[in-house]
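Following: one structure in structure tokens, then a few remarks.
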Amino acid sequence: MPTTTPGEAPLIDPAELIADPYAVYARLRQAGPVHRIAGTDGLPAWVVTRYGDVRQALGDPRLSLDKRNALPGGYRGLALPPALEANLLNMDPPDHTRIRRLVAQAFTPRRIEQLRDPIRRTADELLDAIAPRGRADLIATYAAPLPITVICDLLGVPPQDRHDFRAWTDALVAPDPARPARAKEAVGSMLAFFTQLIADKRTRPADDLLSALIAVRDEEDRLSEDELMSLAFLILFAGYENTVHLIGNAALALLSHPDQLAALRADPGRMGGAVEELARYDGPAPLAIRRFPTEDVVIGGVTIPAGETVLLSLAAAHRDPDRFTDPDRLDLARDATGHLALGHGIHYCLGAPLARLETEIALAALLDRFPRLVLDVPQEELRRRPSIRARGLLVLPVRY
Ligand code: HEM
């Protein structure tokens with residue numbers, strides 16, 4: 001059995017996993033379909049690398065997202081307070097099914113479509129603001145503020161209450177080892193923020209997602225208060241965090257492939273397909289949420305014992321040559337459907353239509369506005385966030 005035992009881990013160098021996860025995962029995939037490695041917390045985890053196995057495992061009901069199915073002491077993730085912990089990405093059916101159904105009633109295609117014009121307006125305003133300067137960090141000035149505005153519009157956060165979500169989410173996703181208290185503080189700030197926001201929406205409901213979720217909770221009592229709070233938190237967190245870095249990674253992929261960029265500029269109608277390929281090529285989530293088998297499971301011929309941590313590598317799956325021809329090549333003309341960047345199965349991204357809409361509009365507005373957009377530093381100088389689960393750029397300097 002091709003295992004990499006904790007302590008040895010010869011195939012994985014954490015710094016390389018951040019700088020170039022695709023090289024690391026390619027080596028792992030070539031060495032075998034499933035590996036037991038030492039996770040970042042020092043505890044063992046199993047990494048699944050092939051597209052077919054990853055896709056099947058994403059849909060396997062024996063792989064639980066509920067931490068109570070982890071072996072005692074076998075998992076050491078960030079402990080959130082109960083009011084944030086009761087979220088969909090920690091849940092299995094039947095609770096998961098019940099909550100997903102309730103959100104679907106509030107998170108309707110109409111609500112997403114209503115965001116189309118505001119997204120374009122916000123994108124144009126952000127670009128107006130940086131246009132005179134001729135150069136900017138695209139993450140700080142565009143990729144980050146755009147999704148903040150969209151998610152606040154969606155949830156119904158009034159403009160004066162829009163906090164620095166970027167500082168909070170960064171503190172959770174890519175914690176600074178020198179400042180361990182920051183993640184805890186960020187959790188406290190988010191909890192206080194949502195407590196206040198939910199109280200405000202109860203007194204003054206509006207036509208927004210949070211008011212709709214509160215109505216579902218209060219009228220029919222089918223959602224606990226913790227579940228409501230956790231849902232708002234997850235939508236902010238998942239909806240914001242991933243979108244920033246899909247836009248950032250996609251912009252970098254385009255700028256570092258001028259021929260592909262030129263072809264897209266020549267035929268902007270291809271933007272929808274291009275976004276699918278960009279999500280496959282360098283998505284913001286190299287790993288799915290960790291899963292715990294409720295019984296021993298066999299994946300790729302390897303038995304994974306019940307309760308151990310399973311990491312499904314979306315990044316490895318997306319570069320599997322058995323599924324995508326010449327997978328390391330960005331090819332905006334390829335049919336990238338079937339990619340797993342938004343997940344698969346019952347936990348398939350709840351915000352997928354919004355994620356696509358937002359990314360398409362963000363890239364279209366950027367290319368429209370700046371016909372001569374280029375990178376402002378050599379590509380080798382770009383630095384990634386120090387996280388193996390959140391792939392994104394710290395800064396993306398561009399000139400236009
Ligand atoms: C570009 C952006 C996005 C990417 C790449 C992305 C990716 C994902 C992935 C991979 C999953 C499944 C995780 C797993 O099964 O392990 C997921 C789930 C989820 N996403 Fe997204 N997402 C994005 C944007 C959004 C947006 C905009 C929202 C909300 C407004 C959102 C809300 C959620 C929620 C609530 C779940 C959990 C669904 C469940 O457990 O049933 N995401 N996302």
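The values are calculated or read from the model by the stated rules, or taken from the named source; none is laboratory data. Values in this document were obtained by computation on a predicted structure and should not be read as measured data. All Cβ positions, glycine included, derive from the backbone under ideal geometry; neighbour counts span all protein chains shown. Remember, those area values only see protein heavy atoms, side chains included, never the ligands or the DNA or RNA. Shrake-Rupley method; radii C 1.70, N 1.55, O 1.52, S 1.80 Å.
Would you kindly find the accessible area of Leu246, with a 1.4 Å probe and non-protein molecules such as ligands, DNA and RNA excluded, rounding to the nearest 10 Å²?
Here the accessible area works out near 20 Å².
Tally Lys/Arg at +1 and Asp/Glu at -1 over every other residue whose Cβ is under 15 Å from the Cβ of Pro21; what's the total?
Numbers: positive: Arg27, Arg29, Arg280, Arg319, Arg383, Arg384, Arg385, Arg389, Arg391; negative: Asp13, Glu16, Asp20, Asp282, Asp320, Asp328.
Once positives and negatives cancel, what remains is +3.
Obtain the nm distance between the two label points defined at Arg222 and Ala306 by a simple spin-label model: each point lies 7 Å from its Cα along the Cα-to-C-beta direction.
So the label points at Arg222 and Ala306 sit 3.2 nm apart.
Taking Cα centroids, how far is segment 33-85 from segment 258-306 in Å?
What the calculation gives is 18 Å, centre to centre.
Taking only C-alpha pairs under 8 Å that are 6+ residues apart, what is the relative contact order of segment 104-221 in percent? Intermediate values should be presented prior to the final figure.
Numbers: 64 pairs, mean separation 31.3, N = 118.
Here the relative contact order equals 27 percent.
What whole-number distance in Å separates the alpha-carbon centres of segment 312-327 and segment 126-191?
31 Å
Work out how much length Asp267 to Asp95 would gain on full extension: take 0.36 nm times their residue separation and subtract the Cα-Cα distance, in nm to one decimal. Please list the in-between numbers first.
Values: separation 172, 0.36 × 172 = 61.92 nm, distance 4.49 nm.
Extra length available between Asp267 and Asp95 comes to 57.4 nm.
So, taking all protein chains as they sit and a 1.4 Å probe, how much accessible area belongs to Leu350, in Å² rounded to tens?
50 Å²
Quick one: Karplus J couplings for segment 158-163, per residue in order, coefficients 6.51, -1.76, 1.60, θ = phi - 60°, nearest Hz, x for Gly and Pro?
x, x, 6, 9, 7, 7
Rounded to the nearest 0.05, what FRET efficiency is calculated for Asp128 and Gln105 with R0 set to 45 Å and r the Cβ-Cβ distance? Spell out each step's value before the answer.
Details: r = 37 Å, r/R0 = 0.82.
Efficiency computed from Cβ-Cβ geometry: 0.75.
If we count every other residue with Cβ under 10 angstrom of Val173's Cβ, Lys/Arg +1 and Asp/Glu -1, where does the sum land?
Working: positive: Arg385, Arg389; negative: Asp170, Glu241.
So the surrounding residues net to 0.
Could you compute the FRET efficiency for Ala181 and Glu16, with r as their C-beta to C-beta distance and R0 at 41 Å, rounded to 0.05? Kindly include the intermediate steps, with their values, before the conclusion.
On the way: r = 29 Å, r/R0 = 0.71.
The computed FRET efficiency comes out at 0.90.
To the nearest 20 debye, what charge dipole does the chain have about its Cα centre, counting +1 at the Cβ of each Lys and Arg and -1 at the Cβ of each Asp and Glu? Kindly include the intermediate steps, with their values, before the conclusion.
Numbers: 47 positive and 54 negative charges, 40 e Å.
With Lys and Arg at +1 and Asp and Glu at -1, about 200 debye.
When only C-alpha pairs under 8 Å and at least 6 residues apart count, what is the relative contact order of segment 14-399, in percent? Numbers along the way, then the final one.
Values: 569 pairs, mean separation 111.4, N = 386.
Once divided by the residue count of segment 14-399, the mean separation gives 29 percent.
Can you give the net charge of the other residues whose Cβ lies under 14 Å from the Cβ of Ala86, counting K and R as +1 and D and E as -1? Don't skip to the end; give the middle numbers.
On the way: positive: Lys67, Arg68, Arg98, Arg100, Arg217, Arg222; negative: Asp66, Glu85, Asp92, Asp95, Glu225, Asp226, Glu227.
Overall, the nearby charge balance is -1.
Using only DSSP helix segments of four residues or longer, with each worth -39500 (n - 2.57), what per-residue ellipticity at 222 nm results for the chain after dividing by its residue count and rounding to 500?
That comes out to -15000 deg cm²/dmol.
Per-residue HN-Hα couplings for segment 89-102, Karplus 6.51 cos²θ - 1.76 cosθ + 1.60 at θ = phi - 60°, whole Hz, x for Gly and Pro?
Those phi angles translate into 7, 10, 10, 10, x, x, 4, 4, 4, 4, 6, 4, 5, 5 Hz.
For segment 14-399, evaluate the Debye formula with one uniform point scatterer on each Cα (no solvent term) and list log10 I(q)/I(0) at q = 0.12, 0.14 Å⁻¹, rounded to two decimals.
-0.97, -1.34
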